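Let me begin by presenting the structure, written as structure tokens, before commenting on it.
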Amino acid sequence: MFFSKPRSYLVWALMAWTVSVAAQSAVNGRDFIVAVVDSVPITNHDVALRAPQLRDQLKQQGRPVPQGDALLKAALERLIVEKALLQHAKEAGVTVEDEAVTQAEQRLAAQSQLSVDALHKKVKAEGSSVARLRQNLLEQLTLQRLTERNVPSRIRVSDVEIDQAIRERQNASVGTNPDIELGHVLVAIPEKASDAEVAALQTKAQTALAHVKRGDDLARVAKEFSDGAERDKGGLMGLRAASRYPTLFVDAIKNMNVGDATLVRSGAGFHVLKVVTKRASSVITVTQTHPRHILLRPGGQLSQTTARAQLAEYKRQIETGKADFAKLAREHSQDGSGPEGGDLGWVSPGMFVPEFEEVMNQLQPGQMADPTISRFGVHLIQVLERREAPISERELRDMARNNLREKKFDETYQLWAQEVRGRAYVEYRDAPQ
């Protein structure tokens, strides 16, 4: 199955070493060594190639971008840490198979919407080589495996942190779908009431509102003025989720506090509304998605490029009404869901690998995505439905724990990487230019 997985920590943006011609041409003059890490040299050329990548990465993250010599120095420090980690991986016996490098090469080509051969031609045209491409992919995969071996076990999430995260989520739900109870006084308008009668009824409703606002007993006010079903219930509509109240009522009181009251009109008449209770919902929900997919796994005679083209053709046939999604899935999908027409059932956030889930989350019900590459193959994804579904306390705590681990990962990684860098021998030579 391609879901129920641990997070993959490989950031494919690091593979942007396949730099543009402009970045390549920026490297002028003779090359020289700027630093040595455990006998491994870092050249001025290496720094000049890494600097624009670092600049783009910081921009995408919305972080300050150093300029001039400061950017070169930051790029050098990134390279020093990377070389130290690679040396540590070698000492720890971390290895990557040729097949894994080939698969990474195929993914990189697909992300660039190129065949592998076209990617190779592009690399050569930009002054690099296929050997350098594969070496860089090998290094990034090595760093991924080293990171997955060392970082997750260092992340600690306490029960106190989980409790706090759940409280924050519940407090946030007050502004989205809280549990509320409204006091309600209805002054009904007869179907064929004259303008004069409507005006008189409005005056009656405004009088009821004034009583409620000055703190009079709601049950007494309802008994005296209301024509609604709550008249004999103390004027109370009952505690329920905001989504179970009329939209007119929810919109009218969304910015009001407990004890506040207002007057609104509907086709039935004038409504005096008082916020009696407003609190975080006792039922926590998550957005669940009901997707289906067709999976083709490249291998043997089926290349990744051919798989993408085949699924693109399936999509065209489905959109034009010439083929049925479920029938194609049963006939061609290489996932266990194939016999079910590709149906994956209702799924909660975090069940799929990130590259699948990110695409799925962008689709509206009924939409299909273009063929999507994941570590399991090539997918044609369609979203059928979405819903808000309650989750158990255990599921909520698991979700909170996973979210906290995600947030702590980068910080933990940085601390660990600096520890490894601190144990490495680093000799600075000439400053990068």
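When the range 224-245 is examined, which residues are found to be open to solvent by 60 Å² or more (accessible area, probe 1.4 Å), without any contact (Cβ under 8 Å) to a residue 60 or more places away in the chain and part of a loop (DSSP other than H, G, I, E, B)?
Asp227, Lys233
Which one of Pro339, Pro349 is open to solvent by 60 Å² or more (accessible area, probe 1.4 Å), under 16 Å from the mean Cα position of the chain (by Cα) and not hydrophobic (A, V, I, L, M, F, W, C)?
Details: Pro339 fails: under 16 Å from the mean Cα position of the chain (by Cα).
Result of the check over Pro339, Pro349: Pro349.
For the range 373-393, enumerate the residues that are open to solvent by 10 Å² or more (accessible area, probe 1.4 Å) and not aliphatic (A, V, I, L, M).
Correct list: Arg375, Phe376, Gln382, Glu385, Arg386, Arg387, Glu388, Pro390, Ser392, Glu393.
Restricting the range 41-65 to residues that are touching a Leu at 6+ places or on another chain (Cβ under 8 Å) and over 16 Å from Glu82 (Cβ atoms), which is surrounded by the most Cβ atoms within 10 Å (Cβ to Cβ)?
So, considering only residues that are touching a Leu at 6+ places or on another chain (Cβ under 8 Å) and over 16 Å from Glu82 (Cβ atoms), the one surrounded by the most Cβ atoms within 10 Å (Cβ to Cβ) is Arg55.
Kindly indicate the residue of the range 315-335 that is open to solvent by 60 Å² or more (accessible area, probe 1.4 Å) and touching a residue at least 40 places away in the same chain (Cβ under 8 Å) and also farthest from Leu295 (Cα to Cα) among those meeting that condition. Break it down into steps so the answer makes sense when it comes.
Step one: filter the range 315-335 for residues open to solvent by 60 Å² or more (accessible area, probe 1.4 Å), giving 316, 319-322, 324, 327, 330-332, 334.
Going one step further and asking which of them are touching a residue at least 40 places away in the same chain (Cβ under 8 Å), we end up with 319, 334.
Working: Glu319: 18, Gln334: 5 Å.
Only one residue fits best here, namely Glu319.
Any residue at all in the range 352-369 that is assigned to a loop (DSSP other than H, G, I, E, B), in contact with a helix residue (DSSP H, G or I) (Cβ under 9 Å, 6 or more places away or on another chain) and either touching a residue at least 60 places away in the same chain (Cβ under 8 Å) or of a type in the set (Lys, Arg) (or both)?
Residues of the range 352-369 assigned to a loop (DSSP other than H, G, I, E, B): 353, 362-367, 369.
From what's left, in contact with a helix residue (DSSP H, G or I) (Cβ under 9 Å, 6 or more places away or on another chain): 369.
From what is left, the residues that are either touching a residue at least 60 places away in the same chain (Cβ under 8 Å) or of a type in the set (Lys, Arg) (or both) are none.
No, the range 352-369 contains no residue that is assigned to a loop (DSSP other than H, G, I, E, B), in contact with a helix residue (DSSP H, G or I) (Cβ under 9 Å, 6 or more places away or on another chain) and either touching a residue at least 60 places away in the same chain (Cβ under 8 Å) or of a type in the set (Lys, Arg) (or both).
Filter the range 186-203 for residues that are within 21 Å of Phe249 (Cα to Cα) and free of Cβ contacts under 8 Å to residues at least 24 places away in the same chain; which is least open to solvent (accessible area, probe 1.4 Å)?
Residue satisfying both the conditions and the ranking: Val198.
Keeping to the range 108-136, report how many residues are within 30 Å of Asp38 (Cβ to Cβ), open to solvent by 20 Å² or more (accessible area, probe 1.4 Å) and in a helix (DSSP H, G or I).
Residues meeting the conditions: 6.
Only one of Val212, Val275, Val221 is assigned to a strand (DSSP E or B), in contact with a helix residue (DSSP H, G or I) (Cβ under 7 Å, 6 or more places away or on another chain) and at pLDDT below 95. Can you tell me which? Outline the logic, then answer.
On the way: Val212 fails: assigned to a strand (DSSP E or B); Val221 fails: assigned to a strand (DSSP E or B).
None of the others qualify; the one that does is Val275.
Out of all the residues in the range 339-353, is one or more on the phi > 0 side of the Ramachandran plot and at pLDDT below 90?
If we filter the range 339-353 for residues that are on the phi > 0 side of the Ramachandran plot, which is where we start, we get 341-342, 345, 350.
Now restrict to residues that are at pLDDT below 90: 350.
Within the range 339-353, one or more residues are on the phi > 0 side of the Ramachandran plot and at pLDDT below 90.
How many of the residues in the range 406-424 are assigned to a helix (DSSP H, G or I), touching a residue at least 24 places away in the same chain (Cβ under 8 Å) and more than 26 Å from the chain's Cα centre (by Cα)?
Final tally of qualifying residues: 4.
Among (1) assigned to a strand (DSSP E or B); (2) loosely packed, with under 15 Cβ neighbours inside 10 Å, there is one condition Val258 misses while meeting the rest; what is its number?
Val258 satisfies all of (1) assigned to a strand (DSSP E or B); (2) loosely packed, with under 15 Cβ neighbours inside 10 Å except (1).
Which of the residues that make up the range 137-167 are part of a helix (DSSP H, G or I), open to solvent by less than 70 Å² (accessible area, probe 1.4 Å) and either small (Gly, Ala, Ser) or in contact with a Gly (Cβ under 7 Å, 6 or more places away or on another chain) (or both)?
Matches in the range 137-167: Ala165 only.
The values are calculated or read from the model by the stated rules, or taken from the named source; none is laboratory data. Nothing here was measured: the structure is a model prediction, and the numbers come from that model. No Cβ is skipped: glycine too gets one built from the backbone with ideal geometry, and neighbour counts run over all protein chains shown. SASA here: full protein model, heavy atoms, side chains in, ligands and nucleic acids out. Shrake-Rupley method; radii C 1.70, N 1.55, O 1.52, S 1.80 Å.
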